[in-house]
1. Looking at the chain as a GNM with Cα springs under 10 Å, which of T204, T41, T117 has the largest mean-square fluctuation?
2. Can you tell me the orientation of helix 186-204 relative to the chain, as the angle in degrees between its alpha-carbon axis and the longest Cα principal axis, to the nearest 10?
3. Straight-line reach from K173: which lysines have Cα under 24 Å away, leaving out those fewer than 8 places along the same chain?
4. Charges on Cβ only, +1 for Lys and Arg, -1 for Asp and Glu, centred on the Cα centroid of the chain; of V127, S185, T117, which one is farthest towards the dipole's positive end?
5. Summing -39500 (n - 2.57) over the DSSP H runs of n ≥ 4 in the chain and dividing by its residue number, what mean residue ellipticity at 222 nm do you reach, to the nearest 500 deg cm²/dmol?
6. Taking the 0 to 90 degree range and rounding to the nearest ten, how far is the long axis of helix 137-153 tilted relative to the main principal axis of the chain, both from C-alpha atoms?
7. Measuring from label point to label point, each 7 Å out along Cα→Cβ, what is the S83 to R55 span in nm?
8. In nanometres, what is the gap between the two model label sites at A62 and A244, each 7 Å from Cα along Cα-to-Cβ?
Amino acid sequence: MREYVEVSPEMTLLLGAGPVGDAPLPPDAIALAFNVDCPPTLSFDPDCDLVSDARLVLVVQAGAFERVGGALPDDSRCFHLPSALRAIVLAIRDCALTGETRSVYRLGKSIELLCETIRLTQADELVPLASEGALSLEDTRRVVAAKRMIDERWGEKLTLDKIARACGLNRAKLTRGFRDMFNCSIAEALAERRLNQASQMLRTTDLPVSSIGYENGYLNNASFARAFGRRFGLSPSDFRACQAAA
């Protein structure tokens, strides 16, 4: 029988394996299932089907999850478990306290786990797992490193070859793995990051449009205007004018 902690009428922590038993589960709930085995994963399950499999699960009333900032997934989603969340999960699982102190500690850590999961979700910092068998764990980490390189060094002149060499993957495997994990190409991810930054600069600075395009990796104004128009439906100048008038 699983251990459980009733965190509130809207959330219950389940620990261990086996049947749920008489654990008080909130109605209309979703499950956040945390596994620390290799590969460590976090799964969102709107139907609570994962309750029977995972060793640590937060069962949260859907309305409460949304109220504190969570976004309900359309279907079951599985992500790599970040080290920050893994540390909280292990602290809950391996708690050496006893009696009521143990329950109170786990209750507090469960709230922390929920809040930190929501924060990482809102910041778009959770990395989805590749399709089963598509990439080894090590290659998955290399693709994650490629995404991090784009996020942190998007202002540099990054090419597919340069990213592939830096991450230790060949072009074909990086291309396939990146699209599988992030549902876009390397070029699309770079363009999205650069154009979002450009839109922010158009809203908040008086820099010329051509300077903003150049600072975000576009060597001429025409290519910047074309890319910006495809992304936002307006030219950079019209976008700035609309933002000023709003």
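FYI, it's all coordinate maths here, none of it is from the lab. The structure displayed is predicted, hence computed values, not measured ones. Note that we place each Cβ from the backbone using ideal geometry, even for glycine, and neighbour counts take in every protein chain shown.
1. Ranking T204, T41, T117 by mean-square fluctuation puts T204 first.
2. For 186-204 against the chain, the angle is about 80 degrees.
3. Here the lysines satisfying the reach criterion relative to K173 are K147, K157, K162.
4. Towards the positive end, the residue furthest out is S185.
5. Result for the chain, helices only: -16000 deg cm²/dmol.
6. 50
7. Placing both labels 7 Å along Cα→Cβ, they lie 2.1 nm apart.
8. Placing both labels 7 Å beyond Cα along the Cβ direction yields 4.6 nm.
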